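Trainee: Mind looking over this structure? Questions follow.
The values are calculated or read from the model by the stated rules, or taken from the named source; none is laboratory data. The model shown is predicted, which means the values in this text are computed figures rather than measured ones. Using ideal geometry, Cβ is built from the backbone for each residue, glycine included, and neighbour counts are taken over all protein chains shown. The protein model used for the area step is the full one, side chains on, heavy atoms only, and it has no ligands, DNA or RNA in it. Shrake-Rupley method; radii C 1.70, N 1.55, O 1.52, S 1.80 Å.
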Amino acid sequence: MPGGNGTGVVGAGAVAGKRVVRPYGDTTGDGMVQVSFTLPVPHDKRAEGAAVQLANRMGIDPAMLVHAKPMSDGFTFFVVYGRVNHLVDLDQVQVVERDFPLLGAKEVNAVVKQRLRRKLSVVGACIGTDAHTVGIDAILNVKGIAGEKGLEYYRELKVTNLGAQVSVPELVEAARRERADAVLVSQVVTQRDAHLHNTREMSAAFREALPAGKRPLLIVGGPRFDETMTAELGVDRIFGRGTTPGEVASYLVHALVTSRKAGA
Ligand code: B12
């Protein structure tokens, strides 16, 4: 790693004993970052000045405008490079770490067969108006992703993939019909926080339709979710970009079989 000193303290300005980092651009700890954004203004000198002013207000000082390109009538795209003085204390960073073991397909099948003694039923869909099915298909369909086969490949999992633009009532109905142990929902479009609204609506509908203990495990995924928001969204787990089917299968086994009594 550039500038790493092996002690966990990286970059100039580090506070003794703390794992503190600042961005690296040309030299260790110089704090240099690059940001890009679009402003709703035609490309001219004033627009470039506005981009620099915005960057300054974001804490980038000095800010160098390195790229400006008209996007369409009345819009300009900018790239700005410059220094920030912010530090990041790695010990204060909150992320969701994987808290379950990663299992292979054979292990997943064996645990489900031996301990659940029936197939584990999974129902998946893209809800709302979202038609981005590539992500949920990557997790559910046999073709999978990143060299891993999807959940349909697992002999002891019964997968029902409802596809795109499924309404919440349709999803709840399918979950009942399939006696779903887990419901997997994908949300890719985040405009106006659609993914958050849709997820809250979905979890509320399941809470209303089924009593606690009869409710399936609720899992949502998509590239722009904050994995720490499970309680706020009323779901059991959130998976972000780069998720693989193996991680999801392992989590299902952990949450539904090994960490609780079968049938509970
Ligand atoms: C392909 C694509 C489309 C295709 C979708 C085809 C299909 N059948 O899916 C088409 C052309 C239909 C499309 C349409 C639109 N799209 Co589009 N699309 C994309 C694109 C290029 C790739 C998305 C993708 O397939 N990624 C690959 C998959 C494998 O990754 P993933 O979804 O992140 O999934 C992984 C993880 O997130 C996770 N995961 C995802 N879901 C789930 C669910 C569970 C349960 C779990 C466990 C894990 C999980 O696991 C997956 C595997 O690792 C993105 C841009 C981009 N590069 O990301 C834009 C993008 C998503 N689209 C966008 C937009 C705006 C649209 C449209 C609104 C455009 C328009 N004006 O018409 C429409 C909306 C259509 C609709 N009603 O939803 C925007 C969204 C912006 C935003 N803030 O929301 C993006 C980001 C492009 C952009 N930069 O503007 N799109």
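Trainee: Looking at the stretch 109-135 only, could you name the residues that are charged (D, E, K, R) and within 16 Å of the ligand (Cβ to nearest atom)?
Mentor: Result: Asp130, single match.
Trainee: Continuing with the same structure: Report yes if some residue within the stretch 25-38 is buried (at least 18 other Cβ atoms within 10 Å of the Cβ), of a type in the set (A, V, I, L, M, F, W, C) and in contact with a strand residue (DSSP E or B) (Cβ under 6 Å, 6 or more places away or on another chain); otherwise report no.
Mentor: Within the stretch 25-38 (the criterion being buried (at least 18 other Cβ atoms within 10 Å of the Cβ), of a type in the set (A, V, I, L, M, F, W, C) and in contact with a strand residue (DSSP E or B) (Cβ under 6 Å, 6 or more places away or on another chain)), the answer is no, since none of the residues qualifies.
Trainee: Restricting the first residue to the stretch 210-226 and requiring it to be in contact (Cβ under 8 Å) with a residue 24 or more places away in the chain and among the charged types (D, E, K, R), which pairs with a second residue that is near the ligand (Cβ under 8 Å from one of its atoms) and open to solvent by 20 Å² or more (accessible area, probe 1.4 Å) meet a Cβ separation below 6 Å and a spacing of at least six or different chains?
Mentor: Arg224/Thr190
Trainee: When you go through (1) in a strand (DSSP E or B); (2) of a type outside the set (Val, Ile, Thr); (3) away from the ligand (no atom under 15 Å from the Cβ); (4) in contact (Cβ under 8 Å) with a residue 40 or more places away in the chain one by one for Arg155, which number turns out not to apply?
Mentor: The single condition Arg155 does not satisfy is (1).
Trainee: Another question, if that's okay. Might you check whether a residue that is within 9 Å of the ligand (Cβ to nearest atom), in a loop (DSSP other than H, G, I, E, B) and of a type outside the set (Val, Ile, Thr) occurs anywhere in the stretch 176-185?
Mentor: no
Trainee: Give the residues of the stretch 162-207 that are open to solvent by 50 Å² or more (accessible area, probe 1.4 Å) and either over 19 Å from the mean Cα position of the chain (by Cα) or of a type in the set (Lys, Arg) (or both), sorted by residue number.
Mentor: If the condition is that a residue be open to solvent by 50 Å² or more (accessible area, probe 1.4 Å) and either over 19 Å from the mean Cα position of the chain (by Cα) or of a type in the set (Lys, Arg) (or both), then Leu162, Gln165, Pro169, Glu170, Glu173, Arg176, Arg177, Arg179, Arg192, Arg200, Arg207 are the ones that fit.
Trainee: Let me ask another. State all residues of the stretch 59-89 that are surrounded by fewer than 15 Cβ atoms within 10 Å (Cβ to Cβ) and closer than 14 Å to Val35 by Cα; if no residue qualifies, say none.
Mentor: Within the stretch 59-89, Gly59, Asp61, Pro62, Met64, Val66, His67 qualify.
Trainee: Looking only at the stretch 27-52, how many residues end up being over 11 Å from Phe77 (Cα atoms) and either modelled with pLDDT under 95 or among the polar types (S, T, N, Q) (or both)?
Mentor: Summing the residues that are over 11 Å from Phe77 (Cα atoms) and either modelled with pLDDT under 95 or among the polar types (S, T, N, Q) (or both) in the stretch 27-52 gives 4.
Trainee: Residue by residue through the stretch 210-259, note down the ones that are surrounded by 13 or more Cβ atoms within 10 Å (Cβ to Cβ), in a loop (DSSP other than H, G, I, E, B) and more than 14 Å from the ligand (Cβ to nearest atom).
Mentor: Correct list: Leu210, Arg215, Met229, Gly234.
Trainee: Within the stretch 186-209, track down each residue that is more than 14 Å from the ligand (Cβ to nearest atom) and touching a helix residue (DSSP H, G or I) at 6+ places or on another chain (Cβ under 7 Å).
Mentor: Correct list: Arg200, Glu201, Ala205, Phe206, Ala209.
Trainee: Is it the case that the stretch 248-261 has a residue that's under 15 Å from the mean Cα position of the chain (by Cα) and among the charged types (D, E, K, R)?
Mentor: Checking the stretch 248-261: not a single residue is under 15 Å from the mean Cα position of the chain (by Cα) and among the charged types (D, E, K, R).
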